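The values are calculated or read from the model by the stated rules, or taken from the named source; none is laboratory data. The structure displayed is predicted, hence computed values, not measured ones. Quick reminder, even Gly has a Cβ in these numbers, built from the backbone with ideal geometry, and neighbours come from all protein chains shown. Heads up: the accessible areas ignore ligands, DNA and RNA and are worked out on the full protein's heavy atoms, side chains in. Shrake-Rupley method; radii C 1.70, N 1.55, O 1.52, S 1.80 Å.
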Amino acid sequence: MNNNVPVRWHRLRVLAAILIAGITIGIVAFCVKHAIAALSRLITTTFNPDSSNWILLFSGIASITVSGLIVRKVVKMPLEHSTTRIKSDLKSGHTPLPWRLTIAPVAVNAITLGLGGSAGAEGPIAYSGGAIASRVAALLRLPEKQLIIFLACGAGAGIAAIFKAPLGGFFFTIEVLRFPLAPAATIILALICLTAGLTAYAAGNFASDIPFRDCEPLSAEWYPAIFLLGIICGLYSLYYYKTGKITESRLSTIRRPLSRNLLAGTLLGFCLLLFPSLYGEGYGVLGKVLNGDMTAIGCGSFLHETGGTPLIAATITGILLIKPFAPYATNSGGGVAGEFAPTIFAGGLVGALFVICVSSLPGCSNMPAGDFIVISMAAVMAGAIKAPLMAIFIVAEATLSPALLLPLSIAGGTSYLIANFKKFSKTKC
């Protein structure tokens, strides 16, 4: 009996670490969401929806320049491309992460996105989540091997909390971080993602960030269109990824950090000036489009007053063409942000453009527009991020659309295969 006491205490410490870390990460995710929203409102209250807003040019420059200065002068640790840094920490066994990483990534991320950075909050919250979980595990004196597990699981919990998607966070750790999980580690990951996701969901008054009111199962007649949409999303994912990597490569050649900040900020500012809907994560605009308000896409742009379906389609096309520049300029120019949310936003617009084109065809006027927009959100994310399971479950959970899991899987899988065709064509069975 006495031999079992240390084992029981160890299990209690593990459970305590899961609960403390999961709840803390959920609360941090909720707070950073509200900080981003508050700062965004402060900047955008004077916007004129009927004309261009030149302040957006300076907002874009400030977003990246201020963030870069804070990282270099205050944090004094690199924070950009957080997911890559988590992978490096896992590979090197560098745990627990420094205390400053529990708050610095999300704090600077709030400044980056609040001032206009066109990206997401998922990378920084994953980094902070890993730091929080590894620190909690260290405080409870868990073995060093379990600190690595909590680092990986805490990162997944960050994704679960920011998207309110426990399964999405679970598959982030498996697909993106590629962290090998033993049975015990799998249980820890599942529990901490569930705790963090539900905490953020409860703190947000059980509301979705991308509300979708009219989700219904799709009938079989629409499945050929779903497959076609998957192909289109795969091709766009290729464009998005290649264009973004070229932008990242060009910015990396600029050695002086301040010069890189200013150039990337200017590029971001012009993108925002042309299409203000690129501001921040874009969930507000995406939610309106998802529920039938297509005019929200062009609000504040030079095409806003012209209106009409052809001009809305032209606006969407313009946004899709320049969208990859904005998040890669934000992330590679000195801002601290994530790469997942921009692919969800771009995917939603691909779906909106698809709906506009197809619904004009004979017999397609009753097309369920919202369903196809949700499906394309997951499909572009799956192809551009190269993580189909994570994309499918994040979108299904974030939009509260479990009824669309089958079409999400079809389009997401098709897009992933198209975007990674070269990779699969070289694979030997």
Considering only segment 250-277, how many residues are surrounded by fewer than 19 Cβ atoms within 10 Å (Cβ to Cβ) and either farther than 27 Å from G298 by Cα or in contact with a Pro (Cβ under 7 Å, 6 or more places away or on another chain) (or both)?
-> 9
All but one of (1) open to solvent by less than 10 Å² (accessible area, probe 1.4 Å); (2) over 21 Å from A326 (Cβ atoms); (3) under 18 Å from the mean Cα position of the chain (by Cα) hold for L389; which doesn't?
-> (1)
Pick out, from segment 15-123, the helices (runs of 4 or more DSSP H) lying fully within it that include 1 or more residues that are touching a residue at least 60 places away in the same chain (Cβ under 8 Å) and more than 29 Å from T173 (Cβ to Cβ).
-> 55-70
Of all residues in segment 307-331, how many are under 30 Å from H81 (Cβ atoms) and surrounded by 22 or more Cβ atoms within 10 Å (Cβ to Cβ)?
-> 10
Inspect segment 37-55 for any residue being in contact with a Leu (Cβ under 6 Å, 6 or more places away or on another chain) and either modelled with pLDDT under 90 or surrounded by 19 or more Cβ atoms within 10 Å (Cβ to Cβ) (or both) and give the result as yes or no.
-> no
Within segment 288-332, residues modelled with pLDDT under 85 and either touching an Asp or Glu at 6+ places or on another chain (Cβ under 7 Å) or closer than 18 Å to G244 by Cβ (or both) come out as H304, E305
Give segment 124-161 a look and list any residue that's part of a helix (DSSP H, G or I), over 20 Å from V336 (Cα atoms) and either open to solvent by 10 Å² or more (accessible area, probe 1.4 Å) or in contact with a strand residue (DSSP E or B) (Cβ under 9 Å, 6 or more places away or on another chain) (or both), or say none.
-> R135, V136, A138, L139, E144, K145, Q146, L147, I148, I149
Are there any pairs with C-beta distances below 7 angstrom linking a residue in segment 135-161 that is closer than 24 Å to M390 by Cβ to a residue that is open to solvent by less than 10 Å² (accessible area, probe 1.4 Å) and outside any helix (DSSP H, G or I), with the two at least 6 apart or on different chains, and if so which?
-> L151/L97
If only one of F172, F212 is surrounded by 18 or more Cβ atoms within 10 Å (Cβ to Cβ), in contact with a helix residue (DSSP H, G or I) (Cβ under 8 Å, 6 or more places away or on another chain), assigned to a loop (DSSP other than H, G, I, E, B) and of a type outside the set (A, V, I, L, M), which one is it?
-> F212
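Picking from L235, L194, which residue would you name as being touching a helix residue (DSSP H, G or I) at 6+ places or on another chain (Cβ under 8 Å), buried (at least 18 other Cβ atoms within 10 Å of the Cβ) and assigned to a helix (DSSP H, G or I)?
Going through L235, L194 in turn, just one is touching a helix residue (DSSP H, G or I) at 6+ places or on another chain (Cβ under 8 Å), buried (at least 18 other Cβ atoms within 10 Å of the Cβ) and assigned to a helix (DSSP H, G or I): L194.
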Pairing a residue in segment 208-234 that is more than 20 Å from N291 (Cβ to Cβ) with any residue that is among the charged types (D, E, K, R) and surrounded by 14 or more Cβ atoms within 10 Å (Cβ to Cβ), where Cβ atoms lie under 6 Å and the two sit 6 or more apart in sequence or on different chains, gives none
Those helices (runs of 4 or more DSSP H) completely within segment 350-429 that have 1 or more residues that are of a type in the set (G, A, S) and in contact with a helix residue (DSSP H, G or I) (Cβ under 8 Å, 6 or more places away or on another chain) are 369-385, 388-398, 405-419
For segment 308-324, name all the residues that are closer than 20 Å to G60 by Cβ, in contact (Cβ under 8 Å) with a residue 40 or more places away in the chain and more than 16 Å from the chain's Cα centre (by Cα).
-> T315, G318, I319, L320, I322
